Every structure is written in structure tokens, then in C-alpha cells.
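Notes for the one structure printed next.
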Amino acid sequence: MSYSRIACLSTPSVYQKLKQRLVEGSDRTSAVVLEYDHTFDTYGQEFIFYDYNEPLALPEDVAPQSFDIILADPPYLSEDCLTKVAQTVKYLAKGKEPSWRSMQTNLWV
């Protein structure tokens, strides 16, 4: 079995549930939350400040293609926001072409 890294992009509530149900006690799975709201910096090293306006302005220790699963909920449905969030997903996702199914969390509104 392989080790899985999960990135929760603008999905702090999903991150919270993942931690409770999947990650805690697991030595094969880890998760981080990428979020604009500093309220969530209480998660310590698992919180990464993220501003979709600067889609690749991530800390140096966030390596490209370093996440197996990315759950994203773009804060706005504008083309600009979706494009920038997609840039971040592409940067973070392992493999050449990430599955964009993770982008569908709120596109059906």
C-alpha cells in the first residue's frame, strides 16, 4: 500500500472531517488545508495560506506534483477564479494530467 497526501484547497470543513475520519491514526495518509482565512492557522503546519489570486505563491516546502488527491472548492465561479484554482491544482497534482473531477464541488449550483 502506498502513502497518500491529500490537499484540501479552500475546503476547511472537508479537511476537518478527513482528519477526524481518515488521517488521524494513519501512518499512510496525511492532509493539509490550503486556505485564505487565517482562522484556520490553528491547524499549525497543516495550514498553508492560499490566495487564489496568486495561484502559485506557495511556501517553498510545498513541492510541485506532491499530492495524490486534491479536493478543491473554488471560492467564486468566475472564469478568472476557476482558471487560477485549476493552475494550483495542476501544480500540486502528481502525474501529468490531474483529474478535474475534484473541481466539481460547487460547479452544479
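For region 46-98, filtering for residues that are outside any loop (DSSP other than H, G, I, E, B), at pLDDT below 95 and exposed (fewer than 12 other Cβ atoms within 10 Å of the Cβ) leaves 1. Whenever a residue of region 56-79 is closer than 17 Å to Glu35 by Cβ, its partners that are among the β-branched types (Val, Ile, Thr) and part of a loop (DSSP other than H, G, I, E, B), lying with C-beta atoms within less than 9 angstrom and at least six residues away or across chains, give the pairs Leu71/Thr11; Ala72/Thr11; Asp73/Thr11.
The values are calculated or read from the model by the stated rules, or taken from the named source; none is laboratory data. This is a predicted model, so every value here is computed, not measured. Here the Cβ is made from the backbone with ideal geometry for all residues, glycine too, and neighbour counts use every protein chain on show.
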